[in-house]
Structures are given as structure tokens and as C-alpha cells.
Amino acid sequence: MGNGEKWKTAITDIKPNKILLRGYPIDKLMGKISYAQAVYLALKGELPDEKTGKLLDAMLVSSIDHGVTPPSALATLIAASTGAPINAAIASGVLAVNKYHGGAIEDAMKAFYEIRSRVGNGNNLEKIVEDYIVELKEKKKRIMGFGHRFHSNDPRTRKLFQLAEEAGVGKEFIEIARTIEKVLKKITGRDLPVNVDGAIAAVLCGLGFPREIGNAFFIMPRIGGLVAHYYEEKTLQKPMRKIDPFNWEYDGPGEREV
């Protein structure tokens, strides 16, 4: 862009003593909206209604941490153990978020949107899903967002779908996700329930988010957990220790009522 012509941004306007996020003064938003609502505003350009805001809050809470065994946590712990500063250690964890860890949301959204585009003219959803999964198998690919190495009935999925129903969000995409579950059982003979990534993907599709930013909804909350692991490593462990991802035990509080 030549001749001094200015390029455009519609996200944040900065002037002396004033910060406008999508037109709203940030100081006026502070104390009135949650972080999740602010994220929605930044990405969508408008504030969510109360139920959608609650749903977004729950979505971010759902992925805040999953213990010390995920690759992102291990990467952060290893970096912290070498003496890396917090930014480098957290960046190491974020860089470990890829296709097979935390990266399923974007691929699941792509599948959900593609299946939704094929629905119409009285087409049978189960047949559409079955054809789609067969196409993936022929390409030696698999549908993402289903099955979990720990959970056979992920409580986070149940809660997100409950809140989505209360908010009137994503009904058709949740139906697609549940149909995929059914078809996978039929084709593979295995129970591969919607995991939290698949649940987040269905809700994000229902909210009309582009799939290209889907994985950010894993990264944004997980940073909170990575910071906790970084600080615990730095304050309780010796530097340059050998970190065995299986030789650990939990010594925090027992289960508590909220």
C-alpha cells in the first residue's frame, strides 16, 4: 500500500486516555463483562447475550487443564526445568498444541460444516455422515473430536451441550456430532463419544465462528493451566530433572463442592 495510504483495522481504536474495543471503552467493560465475553466481542464484533456469554465462559473453563501428561504441559515443564523464563516455557507448551493434541477443534469444525452443507432436500443425516466418514477412510483420514484416551463419557461434553441447549445454540451441529458418534459405533464397533474438542467445535459452529480460529479456543484457556504447571515446577522441583510422564501422583485437595 503506497503513497502513505493507511491500512485499516476494525478491532481496537487507541487514542490518548481512551481504548475502544469494537467501539466499547474497555474501562466501561471492566467489571461488567467476563473475559470470555470480551473474547467474543473481539472476535465477533458484538457482545453476546447473557446465555451465550455463560456458554463461552464454560467453554474456556472446560479446557483450562488436563494434568501433567498432555504434550503441552510436558513441554512447559521441560522448558521450565531447563531454566527457561515464563514466556519461553509457556510458548513451548503452546507450540506443542498440534493436530493430535488440542488441534482437533478446527478439523472437527471443518467436518461439521461440510456435513451441514450436504444436509437438505430431505437427505438422511445418518446416510450423509456415513458417506462422509467412508470418504475420509478412503483418503486414510479420520474424523476428529471423537474418542478420548481417558474418558468414555466426558463430563465436559455433557455440560457444554446442556448449556448450549439452554442458550439455544448449535442444535443442528450437536445433532451432527451425536450422529457421527452413532455411525462410528456402527462402522468401527467401538464407542467413540464426542470429546471436549468435538463439543467445543459443535458449539463454535453453532455460534458461526470460522474454523480457522477453532484451535484458539483450546489454546486460550490452556495457557492458564500451563502457567500453574510452570510455577509449580519452578518452585517445587530441582532444575534439569528427568520428567517421567507416568511417575507422578496428585497431592492437592480432594474433590470439593462448588
Review point. Does Lys127 fit the bill of being loosely packed, with under 15 Cβ neighbours inside 10 Å, more than 27 Å from Phe209 (Cα to Cα) and not hydroxyl-bearing (Ser, Thr, Tyr)?
Key: no
**Study point:** Wholly enclosed helices (runs of 4 or more DSSP H) of region 97-214 bearing at least 3 residues of a type outside the set (Asp, Glu) and more than 24 Å from Pro70 (Cβ to Cβ)
**Key:** 104-118, 125-138, 155-167, 171-188
Review point. Right, Glu166: under 22 Å from Leu55 (Cα atoms), surrounded by 14 or more Cβ atoms within 10 Å (Cβ to Cβ), over 19 Å from the mean Cα position of the chain (by Cα) and not assigned by TED's automatic domain parsing to the domain that holds Val39 or not?
Key: no
Revision key, fill the gap. Here the residues within region 36-64 that are among the polar types (S, T, N, Q) and assigned to a loop (DSSP other than H, G, I, E, B) are Ser63
Review point. If you check Ile78, Ile33, Ile14, which single one turns out to be over 24 Å from Ala228 (Cβ atoms), in contact with a helix residue (DSSP H, G or I) (Cβ under 8 Å, 6 or more places away or on another chain) and either in a strand (DSSP E or B) or modelled with pLDDT of 95 or more (or both)?
Key: Ile33
Check your understanding: Considering only residues of region 215-224 that are in contact with a helix residue (DSSP H, G or I) (Cβ under 7 Å, 6 or more places away or on another chain) and assigned to a helix (DSSP H, G or I), which is farthest from Phe161 (Cα to Cα)?
Key -> Ile223
**Study point:** Enumeration of residues in region 169-189 that are in contact with a Gly (Cβ under 8 Å, 6 or more places away or on another chain) and either exposed (fewer than 13 other Cβ atoms within 10 Å of the Cβ) or more than 13 Å from Gly145 (Cβ to Cβ) (or both)
**Key:** Val169, Gly170, Lys171, Glu172
Point to revise | Yes/no for Lys8 being assigned to a helix (DSSP H, G or I) and either buried (at least 16 other Cβ atoms within 10 Å of the Cβ) or not hydroxyl-bearing (Ser, Thr, Tyr) (or both) | key: no
Check your understanding: Does region 143-158 contain at least one residue that is touching a helix residue (DSSP H, G or I) at 6+ places or on another chain (Cβ under 7 Å) and touching a residue at least 60 places away in the same chain (Cβ under 8 Å)?
Key -> yes
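Right, Gly214: within 23 Å of Ala42 (Cα to Cα) and either surrounded by fewer than 20 Cβ atoms within 10 Å (Cβ to Cβ) or without any contact (Cβ under 8 Å) to a residue 12 or more places away in the chain (or both) or not?
On the way: within 23 Å of Ala42 (Cα to Cα): yes; either surrounded by fewer than 20 Cβ atoms within 10 Å (Cβ to Cβ) or without any contact (Cβ under 8 Å) to a residue 12 or more places away in the chain (or both): no.
No; evaluated as a whole, the condition is false for this residue.
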Revision key, fill the gap. Scanning region 82-124 residue by residue, those at pLDDT 95 or above and over 25 Å from the mean Cα position of the chain (by Cα) turn out to be Thr82, Gly83, Ala84, Pro85
Exercise for review: Return only the number of the condition from (1) under 21 Å from Pro71 (Cα atoms); (2) not in a loop (DSSP other than H, G, I, E, B); (3) not hydroxyl-bearing (Ser, Thr, Tyr) that Asn247 does not satisfy.
Suggested key: (2)
Review point. Do we find that Lys51 is of a type in the set (Lys, Arg) and over 28 Å from Ala199 (Cβ atoms) in this structure?
Key: no
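The values are calculated or read from the model by the stated rules, or taken from the named source; none is laboratory data. Because the structure is a prediction, the values reported are computed rather than measured. All Cβ positions, even for glycine, are placed from backbone atoms using ideal geometry, and neighbour counts span all protein chains on display.
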